[in-house]
1. Does region 242-265 contain at least one residue that is more than 10 Å from the ligand (Cβ to nearest atom) and closer than 19 Å to residue 77 by Cα?
2. Only residues in region 209-224 that are free of Cβ contacts under 8 Å to residues at least 24 places away in the same chain and within 15 Å of residue 195 (Cβ to Cβ) count as the first member; pair them with residues that are more than 11 Å from the ligand (Cβ to nearest atom) and in a helix (DSSP H, G or I), Cβ under 9 angstrom, at least 6 apart or cross-chain, and list the lot.
3. Can you go through 223, 247, 288, 242 and tell me which one is on the phi < 0 side of the Ramachandran plot and at pLDDT 95 or above?
4. So which residues in region 263-274 are closer than 13 Å to residue 127 by Cβ and loosely packed, with under 14 Cβ neighbours inside 10 Å, if there are any at all?
5. Does residue 165 fit the bill of being at pLDDT below 95, surrounded by 17 or more Cβ atoms within 10 Å (Cβ to Cβ) and within 12 Å of the ligand (Cβ to nearest atom)?
6. Looking at 59, 53 in this structure, which one is under 23 Å from residue 139 (Cβ atoms) and part of a helix (DSSP H, G or I)?
7. Working only within region 76-108, note down all residues that are part of a helix (DSSP H, G or I) and over 12 Å from residue 32 (Cα atoms).
8. Could you look through region 212-241, keep only residues that are touching a helix residue (DSSP H, G or I) at 6+ places or on another chain (Cβ under 6 Å) and within 8 Å of the ligand (Cβ to nearest atom), and pick out the one that is nearest to residue 48 (Cα to Cα)?
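The values are calculated or read from the model by the stated rules, or taken from the named source; none is laboratory data. All values derive from a computational prediction rather than experimental measurement. Cβ coordinates were reconstructed from backbone atoms using ideal geometry, including for glycine residues, and neighbour counts include every protein chain displayed.
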Ligand code: A3P
């Protein structure tokens, strides 16, 4: 389904697979050289880790809990994906400050100035088994019925944003060194969203009362997010369907971006055999740590 090419820049030690279809390669250098400001806020994640959920939380915290505006503005406007297209890179340059920018790029491919200007960064992670399942449904949503996911592709890191563990472990290496990076997990958010909201609010230096925090927790609740049109990635969907020429009849009825929203959906959807492969793959990374 994809035309992946291994891409290597002077900053990456190994090739990173990029989807040439409609973004990424042409944005590599402009992203690396993107000017960063100290007062930016960056959200970085491997796709399907709860990025949209975190974007919505952070945007509301940064924008005086303006839920009504939030529902009207597409998530891609609230916090653009820097590497999405050259136009987005240009747009991000001129966002009103403090800018709120999202990226799924690996550390070596992020703007070099992130490491010198040291703005606040929020990094979100999730169990890779659930990430894989979510990715599978994500592609069905965007690419339609004919899409089939090659399971080995995930383990080999030949996904659009490369290997899950390369991205995550590189970031985790900052955990005890950098105080400008906040680590969140999808699982924490599921377990106790309010405590995560409070932690993020504190990290951003925002002060809200209990009633406002409770309203945000309610706004971020799964059913409410699912009914929030600004979080359905409509813009991305339109672009993908146009570029990939997806026909009406190929669209899978009932698929949504905000899909199941649970921890452990891999248990129902992945075979024992594939789970074992993921365990081995995971061990090969974690044992190096
Ligand atoms: P599932 O496909 O497992 O349901 P991302 O935004 O990084 O692409 O992540 C998407 C995943 O986050 C999807 O997972 C989506 O359903 C889940 N998600 C989004 N909002 C959520 C919420 N409010 N509560 C729980 N899960 C949510």
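1. The answer is no; no qualifying residue exists.
2. Once the first residue is free of Cβ contacts under 8 Å to residues at least 24 places away in the same chain and within 15 Å of residue 195 (Cβ to Cβ) and sits in region 209-224, its partners that are more than 11 Å from the ligand (Cβ to nearest atom) and in a helix (DSSP H, G or I) give 213/194; 213/197; 213/198; 213/201; 214/194.
3. Of the residues listed, the single one that is on the phi < 0 side of the Ramachandran plot and at pLDDT 95 or above is 223.
4. Selection gives 264, 267.
5. Against the criterion (at pLDDT below 95, surrounded by 17 or more Cβ atoms within 10 Å (Cβ to Cβ) and within 12 Å of the ligand (Cβ to nearest atom)), residue 165 does not qualify.
6. 53
7. Within region 76-108, 76, 77, 78, 86, 87, 88, 90, 91, 92, 93 meet the criteria.
8. Looking at the filtered set, the residue picked out is 231.
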